[in-house]
Amino acid sequence: MKYFLVDAPAVRASFPQSVSSLWHFVNTGRKLCDASAMDLIRSLATKTSWSAIADALNEITRAAWSREVEKPYGHLCQSMQIDPLTEQSAFPSDLQVTDKCIKNFFMEDYARRAQDVDEEFAKEVGDEVLRLDWTHGAAARCGGKHLLNIMDGRGYILSSRLTPTSKPFAARDSIEDLLRRGAHPKVAYVDDECCGAWRSVLQAVWPGIHVRLDCMHAIRRLAQTTTSTQHPWHGKFCSQLSMAILEPDETLLRRLNLAWARDHTHQRLPESIERKCVARCIREPLETVTRVEQVLKDMQMAPESPGPLLTDATHSAWRNLKAHVLRGCLQDPPGMNMHLATRIVTVGGECFHCLTSLRGTSPVEGLHAHQKQWLGAFAHHGSDVGEALLKDGACSWNRAKRARALAVTRPPGMASARDSESDQDLAA
């Protein structure tokens, strides 16, 4: 790090705070960078490539040079009736930045903010739900093998770390960090080893925690063993498995159907609205086993004109999964409401809550795509750059989610246009 005379810490410290705070430049090691330019780099780093940011900054600088130097210089020469020296007013190459410069600027800026970022993460304690899942795609783009993501029930990112393996013991550091923050979850959702290593790792930290298998991963274990995902019955098979495991609140569903019929006499209640407004719970283990086996039997005995759907691997996967179902690995933890009411919508003159499910790891699966975007569609980084981008992206994710939550809970009469449009969509 090289310091300029006016940027030397001793010189800055010698001025009163009111004077020192007027310094709006960032020392990037070899160059002084305007703070607003650094803000632009930081805000775009998780949205586009280094080269795209460099092109944008060069275009901004080029436009400013034309506006503030070339044109005033030309007008001045005309007023003084002298010939302009074109070569002196041309856009200097020294003012142009490269993608390498942008990456270095970002990392220098992140080094100064790292402690603040860690402190911001330390405030994320979470709620009663933990969702844990690994991804390989994002990890490979930042010089790692596995990336562990931990979210709470509301979808806030609690931790995102590169790990050498995707085994539960590799998550111990992240889990102990959550414990130090004060996290006390009651249930954790995983996609594998629900009654194996995950249970011992998590219960060593939180003795009373329930460890559950994500039901979508359970369905996927069967769906991925069929003859083809393009089979005409594959979609129906997945839908029937979901209905065999998840039971809707019949009282609420009946009330919603009656309300919908008042405004839409000849139209059936759309599944999208039913999923938004009707709570679903996991059926009892024995009932789940009975219903799933009935689905498998129906699919096995169906006419084979398009060819068989189930394979020997499907029945083998069910035998393995059945043991987890009977142990209660899919069950909702006792005494917990696994739905979060977000906002109220009106259907047929009645009010219904839009519900968000707190169970499962599906939100973490959706996070993986965002992380690839933060790292760049085709970019590959070193582990230090990758972790910096992932942490910045996670902080932005949590801030945006918190802002949306505040917008939903605003006082009556302050609803946004987007909220009103959503209510009209449900009622139309």
Per the 1/(1 + (r/R0)^6) rule, R0 = 22 Å and r from the Cβ atoms of Asp173 and Gln373, FRET efficiency to 0.05 is 0.25
If amide H atoms are modeled at 1.01 Å from N in the peptide plane, then the residues at a separation of 5 or more from Arg343, or on another chain, having amide H under 5 Å from its own are Cys354
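Starting from the alpha-carbon convex hull of the stretch 116-169, give the projected area averaged over all orientations, in nm².
It is 4.3 nm².
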In vacuo Debye sum over C-alpha of the stretch 293-333, base-10 log of normalised intensity I(q)/I(0) at q = 0.14, 0.18, 0.25 Å⁻¹, listed in q order, is -0.42, -0.60, -0.87
Semi-axes (Å, rounded, descending) of the ellipsoid equivalent to the stretch 228-334 per its C-alpha gyration tensor are 29, 21, 10
Each label sits 7 Å from Cα toward the beta-carbon; between Leu406 and His315 the label points are separated, in nm, by 5.9
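More than 32 Å apart: what percent of Cα pairs in the chain qualify?
Values: 50532 of 91378 pairs.
Above the 32 Å cut-off, the chain has 55 percent of its Cα pairs.
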Once both label points are put 7 Å beyond Cα along the C-beta direction, the Asn337-Asn58 separation in nm becomes 5.7
For 355-366, 291-302, ranked highest to lowest by mean beta-carbon neighbours within 10 Å, the order is 355-366, 291-302
Rounded to the nearest whole number, the per residue volume of the convex hull around the C-alpha atoms of the stretch 5-120 in Å³ is 152
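What dipole magnitude, in Debye to the nearest 20, does the chain give about its Cα centre under +1 on Lys/Arg Cβ and -1 on Asp/Glu Cβ?
680
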Counting only backbone N atoms under 20 Å from a point 7 Å out along Cα-to-Cβ of Tyr73, the residues of the stretch 45-62 in range are 58-62
Once amide hydrogens are built 1.01 Å from N within the peptide plane, the residues lying 5 or more places from Gly143 or on another chain with amide H under 5 Å from its amide H are His381
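Each value in this text was obtained by applying a stated rule to the coordinates, not by laboratory testing. As the structure is a prediction and not an experimental result, all values here were calculated from the model. Cβ sites come from the backbone with ideal geometry, for glycine too, and all protein chains shown count toward neighbours.
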